[in-house]
Amino acid sequence: MMFSISGWVVLYLAFGLVSLWLLGEVFFQYKARLLWRVAAFAAFVTVVMGAMWASVAVIGVGAAGFAVSQTFVTNSYRRGYTEGWTVNRRRPRTGHRSVTPSALWLTDVTAWILPASDRCRYSEEWRSELWDLANAPRRHQIAHALRNMICAWPTRKAVLQGQRRMAGGR
């Protein structure tokens, strides 16, 4: 039984769509090992090559390889694997706490607004507040550091007034 020209076009368009889907899985799915994702893609390419060569044996080898490697991909995903390589990977938030360097830098710059005698105390306090926000998104940490910066000038004024009162001035 022979395919007509339009049948081949539809078949190769379907092959192209599945290939794009598998390439997307190779580059963007981090919940399976890269080895299994690449193996699934290579096995699918083998199926396509077998179809082009009209070789049932090559199609069979490719289909078997695809079935095995895609099974490993699926099992990794179901088991919750999250350490795979991907392009532009976002790290999972579970157990991984970090403060963005931008927020730390803003906090250090803000501390310089205050008098030298109180800089260390406020810097430590603001840094500890940032670590309380370590699981929050970066934008929240930076927003908190900016709020501290806005409040630093009134804080400076209050600290200086307190120092004057302690010194007996007005």
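The values are calculated or read from the model by the stated rules, or taken from the named source; none is laboratory data. What you are looking at is a predicted structure, and each value in this text was computed from that prediction instead of being measured. No Cβ is skipped: glycine too gets one built from the backbone with ideal geometry, and neighbour counts run over all protein chains shown. Remember, those area values only see protein heavy atoms, side chains included, never the ligands or the DNA or RNA. Shrake-Rupley method; radii C 1.70, N 1.55, O 1.52, S 1.80 Å.
Between Val45, Pro101, Val56, the Cα set farthest toward the positive side of the dipole of segment 40-141 (charges on each charged residue's Cβ, about the Cα centre) is that of Val56. Applying 1/(1 + (r/R0)^6) with r as the Cβ-Cβ distance of Val18 and Arg97 and R0 = 41 angstrom yields a FRET efficiency of 0.55. Selection among Gln163, Pro115, Ala143 by position relative to the dipole of the chain gives Gln163 as farthest towards the positive end (Cβ unit charges, Cα centre).
Evaluate E = 1/(1 + (r/R0)^6) for Gln161 and Arg139, where r is the Cβ-Cβ distance and R0 equals 30 Å; express this FRET efficiency to the nearest 0.05. It comes to 0.30.
Under the simplified labelling scheme, the Leu11-Glu125 pair shows an inter-label distance of 7.5 nm, with each label point 7 Å from Cα along Cα→Cβ.
Residues in the chain average 68 Å² of solvent-accessible surface per residue, probe 1.4 Å, ligands and nucleic acids excluded. Determine the share of segment 107-159's accessible area contributed by carbon and sulfur atoms, expressed in whole percent, with a 1.4 angstrom probe. Answer for segment 107-159: carbon and sulfur cover 60 percent of the accessible area. Magnitude of the charge dipole for the chain, about its Cα centre and with charges confined to Cβ atoms of Lys, Arg (+1) and Asp, Glu (-1), is about 880 debye.
Where in the chain are the DSSP H helices whose C-alpha atoms run 30 Å or more along the long axis and whose mean Kyte hydropathy is at least 0.0? Membrane-span-like by this rule: 5-28, 56-78.
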